[in-house]
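The values are calculated or read from the model by the stated rules, or taken from the named source; none is laboratory data. Just so it is clear, the structure is predicted and the values come from calculations on it, not from any experiment. No Cβ is skipped: glycine too gets one built from the backbone with ideal geometry, and neighbour counts run over all protein chains shown.
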Protein chains: 2
Amino acid sequence: MESGKRATMVDVAAAAGVALRTVSRYVNGQTNIAPEIAARIAAAIETLNFRRNSAAASIRPGQRSGLVALITEDIANPFYAAVTGAVESVLRRHGYLLLAASSEEDGGRFADLVERLIERRVDGLIVVPPLDPGPRWAALAREIRALVLLDRPVVTEAAAGTGTPTGTGTPTGTEAPTAPGALRADLVVADDRAGGALATRLLLPAGPRVAFVGDTLALPTLAARHRGHLDALHDAGIHADPALTVAGLRESSTVAAGIGALLDAGAAVDGFFAANNRAALGVLSALAERGLRRPVVGFDDIEGAQLFDPPLTVVRPDLAAMGRTAAELLVERIAGSDRDPVVHVVPVDPVLRRSHLAAPAPARVTGPAAAPPAPATSPPPPAPPTRERDHQ
Amino acid sequence: MESGKRATMVDVAAAAGVALRTVSRYVNGQTNIAPEIAARIAAAIETLNFRRNSAAASIRPGQRSGLVALITEDIANPFYAAVTGAVESVLRRHGYLLLAASSEEDGGRFADLVERLIERRVDGLIVVPPLDPGPRWAALAREIRALVLLDRPVVTEAAAGTGTPTGTGTPTGTEAPTAPGALRADLVVADDRAGGALATRLLLPAGPRVAFVGDTLALPTLAARHRGHLDALHDAGIHADPALTVAGLRESSTVAAGIGALLDAGAAVDGFFAANNRAALGVLSALAERGLRRPVVGFDDIEGAQLFDPPLTVVRPDLAAMGRTAAELLVERIAGSDRDPVVHVVPVDPVLRRSHLAAPAPARVTGPAAAPPAPATSPPPPAPPTRERDHQ
DNA sequence: CTCCGGTGGGATAACGTTATCCGCAGTGTG
DNA sequence: CACACTGCGGATAACGTTATCCCACCGGAG
């Protein structure tokens, strides 16, 4: 029974003594089938251990494949893992299976993946576009009926060469940019600009010299966070010091080295806005290695950040909402909606712990010491909107 | 051009003025095609923007679908995200696309997923079996030609009801259990038992009363870690105190509450072996809330654990190796290998930071203080095999 | 009693691909 | 010069499913 070929609908029909068409109707949940016939078919399916071949079914015209793909930069990254989990959850509820792939920030690999996914006839695609999606991407994107861009906008070269990023206007709500002739894709991003401004504002009480630390500003997300950072400085009447923007450092070790050099050079820095996870880990490492305390605010939460020394304050995008929204928009598109593309911006919320506060005392004490729960030296945080929620 | 139906091989053949068969040969990379003909076909493909329909191709007998699925408990969990990343990387290199799904530890959902994946005719399947895979699993598993169990063995009810877990013998190498009539599946697990023993041994210098903290022991991984814990106690001539095994706590908040109660009751505990991530976070939270220091060792690393206060010592399974190995075994099976099932055990390595050491001084100092890089009070760690490597 | 409408089921044609079976042409050798 | 072999290309049959078309049958009504 278990060896040999699988049973097909023809086998089931023969075993049940009915026509192929009737089995197809039964399998597809039609109602107009006599109960007695239905029972015979059910018995035959059970006996033959029949499983409908959905690949065969999907090649018929007008049939969906039931497959959706998500291309991120790296699934192993907890940031994208959180998003992927939310995407998969929504899609499964809608009956889709999720193909997950990593572009590894490589335009060629990215295009190869998209091509293979088109060959697989995915019903829809959610992508985090790599920094340089490569020359083939613009043409490939047009072949995807349902497309959602996640986390980052992408510059569509096909858009009359104007170089206008798709929907990077004023991210302060749900809007429709309607760039004519451009990529017809929805966009789901975090409110990076507002988040960057928020993080910087949290640091300003400690002093005006707030440094921005992060990956290359060629990344739209990083650029937006930096713009928010500058917004906050400008609003506070502070002239931004270009020397305090430390960009282009990707790995946490590189960040640690860069910030270490900055500190060792005696740069005057009142606080650090670490614009992503790796930057935050790098800054904290550099500080810890030197036994220094400086206010730090990170972007995107880190598991166990409340146990850091000091507990790390972050501004946190709602990653589950990003994934959920992207999946829902995609499902809507697959269902045939031809509304104009939308830009959906998910909020970035502060999670106030202690690292954004000025160091209570620059004096150094020898030996690690257990701190009582609430040291009286730390002032209450300014207007706490979100306090440490235990997520997951 | 972009509206309307996709071009098929027939269209390409017509446009190129050749036969369908010739286009098929060209697409499948056959060599016996005249260069001039090949050029005509290439031009036609380019013009018509033809993409081979791999779903249609895969329904032919003897053809692979090129799809492989991975079912974990929860993709959003960094533990499984790391594994998933490694799996995807290997599979992509072999030309497969990866379907990723979460069982959410629900046997029914798990069986539904497997059923849908069989309908999709996946070439192979890697699964982290849920705690209770449900009644349908045993039958479904036999329908999968290439199957690899990941992270946990599973009790196969079909195995003559003996209740012997598939390959949970002595996990100290690569072996073939060859349980007759049982599930023909490879198994890739971490060396949980050795890891548990190692973690406990790291804690013993601080005192004999080492607590085990973790999720339910019904989970094979947790049970193995606990067995290792008992091994280490036994080897040290210590009689294990059942009151020091705190199992069945799943969420970190629950763990924090449970350990908090234990501490508040004045239980004498010399150290904590936190048998998974959530347990570690819970134990550290409970300690931090009370301003207490106790030696702690976790199982599986946490991003930024070196920044915890104190830096968290863990024993770390090589998650990338787990994923890589599982994928490679699967690919080998898909290729037609009919060797006996193997159990592959990946090592668990210690990452020594400071939390496993006895608190240097029970005295409390007010206010968080910056510690110099190497406090003289902390003794050198016993036989350091792996020292803090900056991974990712 | 007959006719008509409605319903359930049977034959059959796609869907886009691969593969088998040939035939034809070109070339090398006897 | 003729025959045989090789090598490439054309018609055609699956693969397993869905859907269109149509007929047979049954009940109710005229």
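Just the residues that are modelled with pLDDT under 95 and facing chain B (nearest Cβ under 9 Å), please, taken from segment A:306-339.
A:306, A:307, A:308, A:309, A:310, A:311
What helices (runs of 4 or more DSSP H) lie completely within segment B:22-140 and have 2 or more residues being more than 8 Å from chain A (Cβ to nearest Cβ) and within 16 Å of DNA strand D (Cβ to nearest atom)? Steps first, answer last, please.
On the way: elements: B:35-48, B:54-58, B:78-93, B:107-119.
Because the criterion is at least 2 residues that are more than 8 Å from chain A (Cβ to nearest Cβ) and within 16 Å of DNA strand D (Cβ to nearest atom), the helices (runs of 4 or more DSSP H) in segment B:22-140 that meet it are B:35-48.
Within segment B:147-160, can one find any residue that is within 14 Å of chain A (Cβ to nearest Cβ), within 20 Å of the chain's Cα centre (by Cα) and at pLDDT 95 or above?
Within segment B:147-160, one or more residues are within 14 Å of chain A (Cβ to nearest Cβ), within 20 Å of the chain's Cα centre (by Cα) and at pLDDT 95 or above.
Search segment B:4-22 for residues being more than 7 Å from DNA strand C (Cβ to nearest atom) and of a type in the set (A, V, I, L, M), and hand back the single one that is nearest to the chain's Cα centre (by Cα).
Here the answer is B:7.
Scan A:223, A:261, A:232, A:267 and give me the residue that is farther than 25 Å from residue B:278 by Cβ and part of a loop (DSSP other than H, G, I, E, B). Before the answer, list the steps.
Values: A:223 fails: part of a loop (DSSP other than H, G, I, E, B); A:261 fails: part of a loop (DSSP other than H, G, I, E, B); A:232 fails: part of a loop (DSSP other than H, G, I, E, B).
Unique residue meeting the criteria: A:267.
Among B:71, B:37, which is at pLDDT 90 or above and more than 8 Å from DNA strand C (Cβ to nearest atom)?
It is B:71.
Limited to segment B:240-257, what total is found for residues that are assigned to a helix (DSSP H, G or I) and either of a type in the set (A, V, I, L, M, F, W, C) or under 14 Å from residue B:288 (Cα atoms) (or both)?
Taking segment B:240-257 first, the residues assigned to a helix (DSSP H, G or I) are B:242-244, B:252-257.
Next, only the ones that are either of a type in the set (A, V, I, L, M, F, W, C) or under 14 Å from residue B:288 (Cα atoms) (or both) stay: B:243-244, B:252-253, B:255-257.
Of the residues in segment B:240-257, 7 are assigned to a helix (DSSP H, G or I) and either of a type in the set (A, V, I, L, M, F, W, C) or under 14 Å from residue B:288 (Cα atoms) (or both).
State the number of residues belonging to segment A:241-262 that are among the charged types (D, E, K, R) and under 23 Å from the mean Cα position of the chain (by Cα).
2
Please go through segment B:11-21 and give me each residue that is outside any loop (DSSP other than H, G, I, E, B) and either over 13 Å from residue B:49 (Cα atoms) or within 9 Å of DNA strand D (Cβ to nearest atom) (or both), ordered by number.
Those that are outside any loop (DSSP other than H, G, I, E, B) and either over 13 Å from residue B:49 (Cα atoms) or within 9 Å of DNA strand D (Cβ to nearest atom) (or both): B:13, B:14, B:16, B:20, B:21.
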